[in-house]
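K.L.:
Before I ask anything, here is the structure I am working with.
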Amino acid sequence: QVQLVESGGGLVQAGGSLRLSCAASGNIFSINIMAWYRQAPGKQRDMVATITSRGNTNYADSVKGRFTISRDSAKNTVYLQMNGLKPEDTAVYYCNSDVVTTFPYTQRVYWGQGTQVTVSS
């Protein structure tokens, strides 16, 4: 099967930076879209940024100009560089990937376990 493992979360002061990583492994044939979502306690899970296999990106309005998503397709890894962090960025950040597995060639969306990002004021 496919596993997504996030890393890079932690505690940072407002205005600081963090870089999140998510590596996909397992029975992977190809990956189309990779994305980052986040969920704060008591709130819904929201899209933060997405990136396609061709490098096209999309960002939530709340993070535009501060966050940058990128990927290394050879490593099946997606990154989220977070600059100018604000307390409202505090959440569990989840990696998400649209994966086609090897035979049977089945498309499915996978989620990572999440990594905590806490921004102090």
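K.L.:
Nearest 20 debye, what's the magnitude of the dipole of the chain about its Cα centre given +1 on Lys and Arg Cβ and -1 on Asp and Glu Cβ?
P.N.:
Roughly 100 debye for the chain.
K.L.:
Quick check: at a probe of 1.4 Å, how many percent of the accessible area of segment 42-121 sits on carbon and sulfur atoms?
P.N.:
Percent of accessible area from carbon and sulfur atoms in segment 42-121: 47.
K.L.:
Here's something else I'd like to know. Considering only protein heavy atoms, what is the solvent-accessible area of residue 6 at a probe of 1.4 Å, reported in Å² to the nearest 10?
P.N.:
Around 10 Å² of this residue is reachable by solvent.
K.L.:
Moving to a separate point now. Once you list every other residue whose beta carbon is under 15 Å from the beta carbon of residue 90, what net charge do they have if Lys and Arg are +1 and Asp and Glu are -1?
P.N.:
With Lys, Arg at +1 and Asp, Glu at -1, the net is +2.
K.L.:
Taking the DSSP beta bridges in the chain as the whole, what percent of them are antiparallel, to the nearest 5?
P.N.:
90
The values are calculated or read from the model by the stated rules, or taken from the named source; none is laboratory data. What you see is a predicted model; the values in this text were computed from it and never measured. Heads up, the Cβs are rebuilt from the backbone with ideal geometry, glycines too, and the neighbour counts pull from every protein chain shown. For accessibility, only protein heavy atoms count, side chains too; no ligands or nucleic acids. Shrake-Rupley method; radii C 1.70, N 1.55, O 1.52, S 1.80 Å.
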